[in-house]
Amino acid sequence: MKTLLVACLLVLSIAARTYAQRADDTSHYRTVPVPAHLMPIERTAASLGTVYFYGGKRLSSPFALEVPFYELNDPTVNHHFRTFRTLTTLSRLTSLATLAYVLFSKNGSNSTYWIVYGSSIGASLTLAFIGNGHVNKAVTRYNEMLRQPRLGMSVAPIPLTGSQAIGVGIACKF
């Protein structure tokens, strides 16, 4: 009896695994099509980072990408953008370590101050760098989702005859 139960569970787990999609690819089982009004995001390298363009207009910061990301409603894009926001917030908070040390230390030596200051700068830059990598991954995934071909079907009445005309189409973006 136990072996039969174990065998059934093994077969069910293998069957479930073969039908499962990859966790990082949600394009095949989207219940809602990609909104047609979304435009691709362009990236260009600048002296102090990356500059983003949406609809031909320069964005002031990567935080401005939140609206098109959430309109797309892709879990991978949303995850990368939330990670970017979290890491950016942590980066800003680590810079407060030096201020906290100055305010709360009574007998702080000069060398300890510079150690706290340097490690605060290092942690802040590292977190910002990793966060920017996540927003770049989100932009890449967003643009991949927009490039997918879209299938469509329409049924429209013909005015003179009153019968229905059926149309099928595919649209690709490059």
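The values are calculated or read from the model by the stated rules, or taken from the named source; none is laboratory data. Here the structure is a predicted model, which means the values were calculated and not measured. Every residue, glycine among them, receives a Cβ derived from its backbone with ideal geometry; neighbour counts consider all protein chains shown.
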Checklist entry - Scanning the range 75-117 for residues that are basic (Lys, Arg) and surrounded by 13 or more Cβ atoms within 10 Å (Cβ to Cβ), which turns out farthest from the chain's Cα centre (by Cα)? => result Arg85
Next on the checklist: Looking at the structure I just gave you, is Gly122 at pLDDT 90 or above, farther than 21 Å from Lys137 by Cα, out of contact with any Phe, Trp or Tyr (no Cβ under 9 Å at 6 or more places or on another chain) and not aliphatic (A, V, I, L, M)?
Outcome noted: yes
Checklist outcome for this item: From the option list Phe104, Phe129, single residue qualifying as at pLDDT 90 or above, over 30 Å from His37 (Cα atoms) and among the aromatic types (Phe, Trp, Tyr) is Phe129
Next on the checklist: If a residue must be among the acidic types (Asp, Glu) and outside any helix (DSSP H, G or I), how many such residues does the range 104-146 contain?
Outcome noted: 0
Checklist entry - What are the pairs, 6+ residues apart or on separate chains, where a residue within the range 147-174 that is under 30 Å from Glu42 (Cβ atoms) and assigned to a loop (DSSP other than H, G, I, E, B) has its Cβ under 6 Å from a residue that is modelled with pLDDT under 80 and charged (D, E, K, R)? => result none
